[in-house]
Amino acid sequence: MAVAPRVRGRGIGRSLAEVAIAKARALGAHRVALLSNTVLEPAIRLYRSLGFVEVPLPPTDHRRANIKMVLELGRAATP
């Protein structure tokens with residue numbers, strides 16, 4: 001996920017992430033995972049504020065990734 005530098009700081013990244021999380025929930029996902037790099041401090045702060053937590057980074061082909069984060073969505077409520 002990326003936001004153009006000229007429009008950063010307007011909540012666009014948060015909105016994009018919230019929509020992605022809502023879509024994952026709507027599709028019945030129990031977890032959202034992402035790979036990132038800790039040099040992207042504002043992004044890491046955003047993910048933490050949304051409830052993502054750091055988990056061990058598995059082997060990956062994404063050479064720039066040095067952190068994995070997950071958000072547990074839990075089980076969907078049944079009527």
Q. What do you reckon, is residue 71 open to solvent by less than 100 Å² (accessible area, probe 1.4 Å), in contact with a Gly (Cβ under 7 Å, 6 or more places away or on another chain) and within 24 Å of residue 10 (Cα to Cα)?
A. yes
Q | Count of residues meeting criterion [in a strand (DSSP E or B) and surrounded by fewer than 14 Cβ atoms within 10 Å (Cβ to Cβ)] in the range 34-53 | A | 1
(Q) Looking only at residues that are small (Gly, Ala, Ser) and within 10 Å of the chain's Cα centre (by Cα) in the range 25-48, which one is farthest from residue 11 (Cα to Cα)? (A) 33
Q: Spot the failing condition for residue 3; the list is (1) exposed (fewer than 14 other Cβ atoms within 10 Å of the Cβ); (2) part of a loop (DSSP other than H, G, I, E, B); (3) out of contact with any strand residue (DSSP E or B) (no Cβ under 8 Å at 6 or more places or on another chain), and only one is missed.
A: (1)
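The values are calculated or read from the model by the stated rules, or taken from the named source; none is laboratory data. In this text the structure is predicted, and so the values were computed from the model without any measurement. Positions of Cβ are backbone-derived with ideal geometry, glycine not excepted, and every protein chain shown enters the neighbour counts. For the accessible areas, the whole protein counts, side chains as well, though only heavy atoms, and no ligand, DNA or RNA atoms are used. Shrake-Rupley method; radii C 1.70, N 1.55, O 1.52, S 1.80 Å.
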